[in-house]
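Below: the structure, in structure tokens.
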Amino acid sequence: MRAIVVSATGGPEVLTYTDQQPDPEPNPGEVLIDVAASGVNFIDVYHRLGRYPLSLPFVPGNEGAGTVAAVGEDVVGVSVGDTVAWSGVMGSYASRAVVPASQLLAVPEGIAAEVAAAVILQGLTAHYLTHSTYQVKPGDDVLVHAAAGGVGLLLTQIAKLRGARVIGTVSTEEKETLARQAGADEVLRYDGFADAVRELTGSGVHVVYDGVGAATFEASLASLRPRGMMALYGQASGPVPPVDPQALARGGALFLTRPALGPYVATRDELAWRASDIFGWVASGDLKVHISKRYPLAEAAQAHEDLEARRTTGKLLLLP
Ligand SMILES: NC(=O)c1ccc[n+]([C@@H]2O[C@H](COP(=O)([O-])OP(=O)(O)OC[C@H]3O[C@@H](n4cnc5c(N)ncnc54)[C@H](OP(=O)(O)O)[C@@H]3O)[C@@H](O)[C@H]2O)c1
């Protein structure tokens, strides 16, 4: 099969394309999928760099959608020919992938496999952040960093669906336009955003969704109202240095959490609940999925370069 293989960690150039990768075989409980599209996520960059270490060599990619080609023993409820999507299982940068049946989600009729691949990981993330990490309520003030990014555009829309006022940050005018189209009420540049947030809100926001990390962390804390929630869900600009808990006291009894998707989809019921909301909103048109670029699988390195250079908006897909 065709695949991207990483044999040594490093820059985008370590994403090596091959059409000689042996086909994977499904073990009991697993399903073999012909991949229609694979989603590119920032976590793939961390894996490639070795920031989240994996044993080498590996096929990157945490998200995809496609058609079931074969099912292993003991698999029930999934049949050859079904359209399915998944996240959180490595190996999607390939023309075929093996995924545990327990992680698969049936893609409803009317939703294209590409759209499912584009929305599942970042959609589940935006869902748990707004429904569980902090339950966004009507009238809340919410700060979303990188509001035109993959997670950012979905977070903005879902926070609006829940009735919040969304303040987004972005780096360019093009990104500002996209964030506004997604429903952001106010859109700021990063420079001096904490002061601007105070001017807009008076006492600060109820929650900050910060996937940028090192570059924004301190000003994010300074943007919160007393007892506000800092959801540090990523580190696109680099890891945040150790934090003095007294900083949370000084900010007004703040909460700090570093959430990850796994613990928020730990049971099949929770995964199914979030996915059903996401697919439902996509089907009804309440959630728009912005696929900004599709790359041939062999150009995965270019996709990573673009993502790391902040040249992208919304979702990037690899097509095998
Ligand atoms: N915890 C979880 O469950 C979870 C799940 C999914 C993703 N994430 C995290 O969420 C974040 C966003 O992921 P994504 O895949 O949706 O990416 P993305 O937001 O589409 O891309 C990253 C964006 O971050 C902003 N950024 C600011 N400073 C940057 C820098 N120094 N280098 C690169 N980008 C910078 C850029 O937007 P501007 O140009 O507008 O600044 C850039 O477009 C990542 O940190 C990712 O790891 C976490």
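The values are calculated or read from the model by the stated rules, or taken from the named source; none is laboratory data. The structure presented is a predicted model; accordingly, all values stated were derived computationally and were not measured. Backbone-built Cβ (ideal geometry, glycine too); neighbour counts: all protein chains shown. Quick note on the areas: whole protein, heavy atoms, side chains included, nothing else; ligands and nucleic acids left out. Shrake-Rupley method; radii C 1.70, N 1.55, O 1.52, S 1.80 Å.
Values computed for the structure shown
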quantity: Residue check, S92 surrounded by fewer than 22 Cβ atoms within 10 Å (Cβ to Cβ) and of a type in the set (S, T, N, Q); calculated: no
quantity: Every residue from region 12-46 that is within 23 Å of the chain's Cα centre (by Cα) and among the small types (G, A, S); calculated: A36, A37, S38, G39
quantity: Filter result for the condition that a residue is at pLDDT 95 or above, of a type in the set (S, T, Y) and within 11 Å of the ligand (Cβ to nearest atom), over T125, T130; calculated: T125
quantity: Any hit, region 169-176, residues being more than 14 Å from the chain's Cα centre (by Cα), crowded, with 24+ Cβ neighbours inside 10 Å and closer than 21 Å to H206 by Cβ; calculated: yes
quantity: Residue in region 298-308 that is modelled with pLDDT of 95 or more, touching a Phe, Trp or Tyr at 6+ places or on another chain (Cβ under 7 Å) and under 24 Å from D141 (Cα atoms) present; calculated: no
quantity: Verdict on G228 being modelled with pLDDT of 95 or more, open to solvent by less than 30 Å² (accessible area, probe 1.4 Å) and part of a loop (DSSP other than H, G, I, E, B); calculated: no
quantity: Filtered residues of region 243-276 (kept if in a strand (DSSP E or B) and of a type in the set (S, T, Y)); calculated: T257
quantity: Of all residues making up region 296-319, the number that are in contact (Cβ under 8 Å) with a residue 60 or more places away in the chain and open to solvent by less than 40 Å² (accessible area, probe 1.4 Å); calculated: 13
quantity: G29 touching an Asp or Glu at 6+ places or on another chain (Cβ under 7 Å) and surrounded by fewer than 16 Cβ atoms within 10 Å (Cβ to Cβ); calculated: yes
quantity: Candidate set from region 277-320 (those that are in a strand (DSSP E or B) and of a type in the set (A, V, I, L, M)); member that is nearest to the ligand (Cβ to nearest atom); calculated: L316
quantity: Residue ID - nearest to the ligand (Cβ to nearest atom), chosen from residues in region 200-218 that are open to solvent by 30 Å² or more (accessible area, probe 1.4 Å) and over 21 Å from K160 (Cα atoms); calculated: A215
quantity: The one condition in (1) surrounded by fewer than 20 Cβ atoms within 10 Å (Cβ to Cβ); (2) assigned to a loop (DSSP other than H, G, I, E, B) that A69 fails to fulfil; calculated: (2)
quantity: Candidate set from region 126-155 (those that are under 11 Å from G211 (Cβ atoms) and open to solvent by 10 Å² or more (accessible area, probe 1.4 Å)); member that is farthest from the chain's Cα centre (by Cα); calculated: A146
quantity: Contacts under 6 angstrom Cβ, first residue in region 180-191 being under 13 Å from A159 (Cα atoms), partner of a type in the set (D, E, K, R) and open to solvent by 20 Å² or more (accessible area, probe 1.4 Å), 6 or more apart; calculated: G183/K160; D185/R165
quantity: Given (1) in contact with a helix residue (DSSP H, G or I) (Cβ under 8 Å, 6 or more places away or on another chain); (2) more than 22 Å from I111 (Cβ to Cβ), index of the condition D74 fails; calculated: (1)
quantity: Matching strands (runs of 3 or more DSSP E) fully within region 1-52 where at least 2 residues are acidic (D, E); calculated: 30-40
quantity: Test: residue in region 189-199 that is open to solvent by less than 30 Å² (accessible area, probe 1.4 Å) and closer than 24 Å to G280 by Cα; calculated: no
quantity: When residues of region 238-264 are limited to those that are surrounded by fewer than 18 Cβ atoms within 10 Å (Cβ to Cβ) and within 14 Å of the ligand (Cβ to nearest atom), the one nearest to L307 (Cα to Cα); calculated: G238
